[in-house]
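First up is the structure itself, then whatever we jot down about it.
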């Protein structure tokens with residue numbers, strides 16, 4: 001049998017392991033990207049490894065998350081990122097350039113390359129045939145140091161697209177439809193590979209919207225072929241030489257196949273508080289809305305904003321709706337200005353924000369108390385908007401624009417004739433706004449402000465763990481639950497002692513106090529524990545508080561990797577009913593010295609004299625990493641030999 005596109009790229013980059021689903025493999029990483037919320041810690045970790053220069057073909061440091069420069073913390077982090085980039089051979093994108101995934105697609109992403117990014121939406125680049133994965137900052141730091149990236153070989157799911165979109169349906173509606181079918185756990189341990197005649201009808205920006213939100217499926221990544229659409233896009237970006245045709249073999253073998261008829265897709269919306277809680281827009285006809293936010297790494301491209309502008313043109317947004325716009329890049333802004341569409345938004349009463357993530361990560365733009373907010377973003381987790389009781393709906397820019405002018409959801413049948421849009425004819429370059437490394441790197445002094453605190457070092461895993469349960473949480477706990485976002489907390493990403501004070505602060509205000517009183521402990525979790533963003537601080541900060549083990553029904557891929565990276569033992573209930581036996585404060589004994597890779601172990605609940613069997617799906621390397629206190633310590637020991 002032939003090979004899928006994903007398998008072809010993995011095979012050409014394979015360093016270790018066998019390409020059998022679930023087995024651990026290691027691949028060479030060509031490119032990396034970071035953003036400032038995760039990047040500061042990633043570069044502190046990179047420095048700790050001790051290499052003199054990045055070992056990848058390309059590494060880019062973007063500033064797009066913490067652009068609210070209130071006080072010294074964020075500006076200090078940005079200065080650190082800039083100087084460390086110049087010293088170690090990293091391309092630097094300063095604040096205001098735009099959102100990392102939009103910028104990377106426009107300026108750097110290449111078909112057939114492997115890309116590892118310290119942001120869960122790095123698979124955006126899969127829209128042009130790049131094998132792009134999100135990971136924790138430490139994994140990215142080690143990739144920059146030349147280490148391969150290790151992960152379980154994914155299953156490959158073929159998603160065959162038939163026909164083409166009709167009416168007002170868009171790429172966002174395709175991925176929302178898939179989320180409805182597969183749920184937020186449907187892509188765990190898998191790559192979604194898009195094929196079929198419908199693929200050719202989608203431009204690269206449209207494909208990127210779909211691969212971006214593959215992260216919400218829990219997928220390892222998502223990927224489209226590199227074809228004539230890819231060639232057209234790269235030529236427009238002035239990067240025609242980066243084009244490489246890449247397709248699966250005609251007789252490629254897949255682990256699962258899904259067929260989607262694009263002509264049957266209609267405008268969709270994800271209701272609070274999960275991206276898979278999807279219904280059709282017409283089912284919400286008449287629902288009043290308080291806020292509309294257009295942008296994010298999912299939907300801030302030229303095509304996204306042009307269609308919104310055409311819908312709004314000559315009209316004014318509803319006086320009861322606050323409308324916010326976050327362009328994806330300087331290039332997008334220049335195109336809008338070039339075509340007179342920037343003025344369209346201004347005249348309509350839209351607030352135009354900086355080219356940055358902004359409201360998507362709770363960095364300003366919060367809705368009113370109990371407000372209904374329609375956003376073109378990728379996540380609508382409870383409280384993520386910055387307003388705990390807000391009701392956030394996820395929709396396409398088309399739907400959002402109609403809501404903005406009507407003040408409510410309306411049946412798409414009332415929207416009139418749809419606009420048929422394509423890529424622009426002439427695209428201005430913004431390459432001059434990137435800072436490329438200089439020859440005389442030795443002369444660069446890395447700037448370190450007072451908020452930049454050295455990475456803590458952790459003790460090895462004890463042979464016998466005796467700890468109390470600190471918290472017990474349910475299914476689909478996200479990294480937003482573990483470590484909330486927002487301006488105040490995100491500004492502390494380079495200061496682990498300070499940011500640790502906010503762990504589980506919106507779920508259980510007594511968590512940190514208990515962790516200090518108990519001298520650390522164990523967390524009990526449900527299904528899909530740690531889904532959502534790649535923020536490694538959701539593992540690093542609990543480790544700083546003394547969390548040594550998490551027993552859950554299942555783990556999200558990136559978070560599980562982060563737990564291993566920082567020496568936290570991830571264990572899985574063999575019988576999920578045993579979850580009910582645990583309470584906060586229960587004394588747990590785990591004989592860690594008896595751990596074997598991929599084996600079972602007996603956990604004792606002391607006091608009630610109960611024993612349960614738990615599983616680990618750890619490889620020998622992962623187990624050794626946890627035993628020495630984390631991956632950084634493991635690599636230090638490896639390099640010292």
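Label point of residue 163 set 7 angstrom out along Cα-Cβ; within region 237-276, amide nitrogens under 12 Å from it belong to 260-266. Please state, as a whole number in µm²/s, the translational diffusion coefficient that the Stokes-Einstein equation yields for region 265-320 at 20 °C and 1.002 mPa s, with Rh defined as the Kirkwood radius across alpha carbon pairs. Translational diffusion coefficient: 160 µm²/s.
Given a Förster radius of 51 Å and the C-beta distance between residue 79 and residue 388 as r, what FRET efficiency does 1/(1 + (r/R0)^6) yield to the nearest 0.05? That gives a FRET efficiency of 0.95. Across the alpha-carbon atoms of region 5-264, the computed radius of gyration and Dmax are 18.1, 58 angstrom. What would the Debye formula give as log10 I(q)/I(0) at q = 0.15 Å⁻¹ for the alpha-carbon point model of region 465-640, no solvent? Computed log10 I(q)/I(0) values: -0.81.
Would you please state which residues of region 146-171 a label at residue 23 would reach in this model, taking the label point 7 Å out along Cα→Cβ and a backbone N cut-off of under 18 Å? Correct set: 149-156. Extending 7 Å from Cα along the Cβ direction at residue 584 and again at residue 11 yields two label points whose distance is 5.3 nm. The ranking of 333, 281 by Cβ neighbour count inside 10 Å, starting from the fewest, reads 333, 281. Over region 5-264, what relative contact order in percent results from Cα pairs under 8 Å that are six or more residues apart? So the answer I get is 23 percent. For the chain, what does the helix formula give at 222 nm: sum of -39500 (n - 2.57) over DSSP H segments with n ≥ 4, over the residue count, nearest 500 deg cm²/dmol? Calculated at 222 nm, the ellipticity per residue is -8000 deg cm²/dmol.
Remark: relative contact order (region 89-185) = 16 percent; criterion is Cα-Cα distance under 8 angstrom and separation of 6 or more residues. The Cα center of region 272-327 and the Cα center of region 20-46 differ in position by 33 Å. Counted over the chain, the DSSP beta bridges are approximately 35% antiparallel. Remark: spin-label model distance residue 251-residue 463 equals 5.7 nm, labels positioned 7 Å along the Cα→Cβ axis. With all pairs of different C-alpha atoms in the average, the Kirkwood value for the hydrodynamic radius of region 286-347 is 12.1 Å. Sorting 577, 313 by the number of Cβ atoms found within 10 Å of their own Cβ, with the fewest placed first, yields 577, 313. Between residue 638 and residue 69, the distance separating the two model label sites (each 7 Å from Cα on the Cα→Cβ line) works out to 3.8 nm.
Okay, which of region 407-424 sit inside 17 Å, backbone N to the point 7 Å along the Cα-Cβ direction of residue 228? The answer is 422-423.
Mean sequence separation of contacting Cα pairs (under 8 Å, at least six apart), scaled by the length of region 268-412, corresponds to a relative contact order of 38 percent. Were the residues from residue 600 through residue 576 laid out at 0.36 nm apart, the gain over their Cα-Cα distance would be 7.2 nm. Values of log10 I(q)/I(0) for region 364-478 across q = 0.18, 0.19 Å⁻¹ run -1.09, -1.12, by the Debye formula with one identical scatterer at each alpha carbon and no solvent. Length available on full extension from residue 347 to residue 315: 0.36 nm per residue minus the Cα-Cα distance, which gives 10.7 nm.
Dividing the convex hull volume of the alpha-carbon atoms in region 268-412 by its residue count gives 87 Å³ per residue.
Any read-out appearing in this document is the output of simple, stated calculations on the displayed coordinates, not a laboratory observation. Bear in mind the structure is a predicted one, so any value in this text is a computation, not a measurement. For neighbour counting, all protein chains shown are included, and Cβ atoms are generated from backbone atoms with ideal geometry for every residue, glycine included.
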